[in-house]
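For reference, the structure is listed below as structure tokens.
Laboratory data are not the source of any read-out in this text; all were calculated from the coordinates shown. Everything numeric in this text was worked out from a predicted model, so none of it was measured. As a convention, Cβ positions derive from the backbone with ideal geometry for all residues, glycine included, and neighbour counts pool all protein chains shown.
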Amino acid sequence: MRPDLIFVAHLSVTVGEPIDLGEVVDGHRRIVPILGGTVEGPLLRGRVLPGGADHQILRTPTITELDARYALETDAGERVAVHNMGIRSGAEEDIDALVRGEDVPADRVYFRSQPRLSSAASRLAWMNERLFLGSGKRLPNSIELDIYQIT
């Protein structure tokens, strides 16, 4: 059967200055602090809590692996853990511009992810049993991410 996508929410995630760890055994590592943000959507509304981070590996000049862990709080006070793994790729000059903190049009960068959402809240228990897809855009000081449930 062919799956469909159900729009869950749009996240606007404010990020801090990357911590550059340099070239290590498995690639060039950076940690991007997650400072906060908003969550707006038909199935999830609230805020991104501060304290998370995206642990990135720049595998090549055109491919970045993303591994973000952070938490959301709904308008009702429920908490949601997010583990979002993804890939961001594009032309070398576009990826260089992103690393420098410059704005690059979304259609020039492939940014897809597999967010895993989990919650202890009974109202959100359905998240623990579903798979999700993310489509994002990197801005100079934030990430814009649309999350979809895969049916």
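At-a-glance table
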quantity	calculated
Ranked Ile143, Ile57, Ile19, criterion: other C-beta atoms within 10 Å, fewest first	Ile19, Ile57, Ile143
log10 of Debye I(q)/I(0), alpha-carbon scatterers only, for segment 35-151 at 0.16, 0.19, 0.22 Å⁻¹	-0.76, -1.02, -1.28
Gain in span if fully extended, Val24 to Ala76, counting 0.36 nm per residue against the direct Cα distance	14.5 nm
Projected-area mean, segment 70-136, by convex hull of Cα positions, square nanometres	5.5
Computed over segment 57-141: relative contact order in percent, which uses C-alpha pairs under 8 Å that are six or more apart	27
Within the chain: Cβ-based charge dipole about Cα centre, in debye rounded to nearest 20 (Lys, Arg +1; Asp, Glu -1)	540
Around Leu5: net Lys/Arg minus Asp/Glu count, Cβ-Cβ under 14 Å	+1
The chain: relative contact order as a whole-number percent, Cα under 8 Å and 6+ apart	23
Cut-off under 5 Å, modelled amide H: who pairs with Leu139 long-range	Glu144
Candidates Glu129, Glu65, Glu73, ranked by Gaussian network fluctuation over the chain, Cα under 10 Å, top entry	Glu129
FRET efficiency, 1/(1 + (r/R0)^6) with R0 41 Å, evaluated for Glu92 and Glu129 via beta carbons	0.55
Label-to-label distance, nm, for residues given as Asp67 and Ala120 (7 Å Cα→Cβ offset)	2.6
Pairwise centroid distance, computed over Cα atoms, of segment 78-104 with segment 1-43, Å	7
Gaussian network model of the chain, Cα within-10 Å springs - most flexible of Val25, Val39, Val80	Val25
Whole-Hz couplings from phi, Karplus 6.51/-1.76/1.60, listed for segment 90-106; x for Gly and Pro	x, 4, 3, 5, 6, 5, 4, 5, 4, 4, 7, x, 8, 7, 10, x, 4
